1. Could you tell me which numbered condition Gly238 fails, if it satisfies all but one of (1) within 26 Å of the chain's Cα centre (by Cα); (2) among the small types (Gly, Ala, Ser); (3) exposed (fewer than 13 other Cβ atoms within 10 Å of the Cβ)?
2. Out of all the residues in the range 139-151, is one or more modelled with pLDDT of 85 or more and either in a loop (DSSP other than H, G, I, E, B) or surrounded by 12 or more Cβ atoms within 10 Å (Cβ to Cβ) (or both)?
3. If we scan the range 295-304, do we find a residue that is under 23 Å from Trp186 (Cβ atoms), modelled with pLDDT of 75 or more and either in contact with a strand residue (DSSP E or B) (Cβ under 7 Å, 6 or more places away or on another chain) or in a helix (DSSP H, G or I) (or both)?
4. From the list Arg211, Arg218, Arg197, which residue is outside any helix (DSSP H, G or I), closer than 28 Å to Gly263 by Cβ and modelled with pLDDT under 85?
5. Identify all residues within the range 82-125 that are in contact (Cβ under 8 Å) with a residue 12 or more places away in the chain, over 28 Å from Leu295 (Cα atoms) and of a type in the set (A, V, I, L, M, F, W, C); write none if there are none.
6. Just to be sure, is Ser220 crowded, with 16+ Cβ neighbours inside 10 Å, farther than 27 Å from Leu66 by Cα and among the small types (Gly, Ala, Ser)?
7. Out of (1) assigned to a helix (DSSP H, G or I); (2) in contact (Cβ under 8 Å) with a residue 60 or more places away in the chain, what's the single condition that is false for Gly76?
8. Could you please let me know if Gly270 is outside any helix (DSSP H, G or I) and not hydroxyl-bearing (Ser, Thr, Tyr)?
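The values are calculated or read from the model by the stated rules, or taken from the named source; none is laboratory data. Worth saying up front: this structure is predicted, and the values here are computed from it rather than measured. In this analysis, Cβ positions are derived from the backbone assuming ideal geometry, glycine residues included, and neighbour counts consider all displayed protein chains.
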Amino acid sequence: MTMAREQRFLETARVRGLRPAGRSHLDKTLREISSFFSRSLFREETARRDGLLQKVDPRARLLALLLFLLSASTAGSIPALLLHAALPVLALFLSRIRPKEFLGAGFLFAVLFSLLMAAPSTLNLFYDGAVVYPLLPLGEGRSIGPYPVPSVVGITREGLLTAATFLLRVLSSTAAVLWLTLSTRWVDLLRALRFLRLPPLFLQVTGMTVRYLHAFLRQSEEIHLGKKSRTVCRPGIGKEHEWIGSRIAGAWEKSFRLMEEVGAAMRSRGFTGDAKFPPSPWLRPREWAFLAIVLFLCAGGHLV
């Protein structure tokens with residue numbers, strides 16, 4: 001009896017053009033939203049760890065990052081860049097951030113992308129140099145349009161030096177930025193930006209944007225979970241597009257309503273359009289000592 005009912009149900013679904021619910025854009029969307037929230041919670045967790053550098057004021061950490069980026073961008077020799085690359089590694093160790101967490105936060109992607117960007121510069125197709133590793137013999141007299149092609153395509157010493165300089169500079173800077181984002185909460189980072197005398201309105205809009213992004217994604221997750229819980233068979237692609245369009249329109253309308261409610265709430269509390277923040281206390285001796293150490297190490301790297 002049960003099998004007969006299932007067969008009739010499947011036959012009716014087939015006639016009406018319905019398909020059994022499976023892995024669809026709902027599952028992909030929910031997976032991406034959950035991944036975003038898990039990454040956000042992960043950043044909060046690493047920032048709250050009892051690391052040595054987490055105890056340093058976020059303003060000092062931000063100033064140290066800017067100082068390091070300036071120093072790394074002006075370092076020209078390989079030994080100096082190697083010393084600069086060791087500083088983010090030391091900072092990650094003192095912040096108790098594990099290598100797996102650091103690589104998963106985006107550094108591995110940065111390594112792969114930087115390698116792809118730097119690889120062409122090692123060949124003598126683009127820059128002349130002494131070939132240290134021949135790859136492809138082509139013979140004399142070849143050219144691509146007006147550009148002559150070398151008789152032997154290979155990796156040059158000058159190209160390796162250029163690629164190594166590029167990789168060390170980019171990856172050390174990326175590692176330093178990731179260290180700051182992993183060791184500092186987003187709210188604390190916004191407060192630290194006030195120390196740089198950025199326009200208060202910019203900081204206020206940025207903070208509200210981040211909060212609204214979380215609220216919007218939470219709303220989107222609830223909508224998709226509700227649809228998935230009520231879905232037995234999937235309709236055709238046209239019906240799916242209609243549902244997506246209606247949800248986009250609903251989210252747009254709700255965004256405008258939320259904007260009006262937030263604006264009215266701000267005006268009722270005395271907001272006149274000028275973003276004002278309470279003055280921050282001055283840096284403590286511990287923060288000045290931290291900045292002095294970073295300055296000393298960066299200056300020492302240029303002397304190598």
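1. Only one criterion is unmet by Gly238, namely (1).
2. The answer is no, given that none of the residues of the range 139-151 is modelled with pLDDT of 85 or more and either in a loop (DSSP other than H, G, I, E, B) or surrounded by 12 or more Cβ atoms within 10 Å (Cβ to Cβ) (or both).
3. No, that holds for no residue.
4. Being outside any helix (DSSP H, G or I), closer than 28 Å to Gly263 by Cβ and modelled with pLDDT under 85 holds for just one of Arg211, Arg218, Arg197, which is Arg197.
5. Answer for the range 82-125, where residues must be in contact (Cβ under 8 Å) with a residue 12 or more places away in the chain, over 28 Å from Leu295 (Cα atoms) and of a type in the set (A, V, I, L, M, F, W, C): Leu115, Met117, Ala118, Ala119, Leu123, Leu125.
6. Yes.
7. (1)
8. yes
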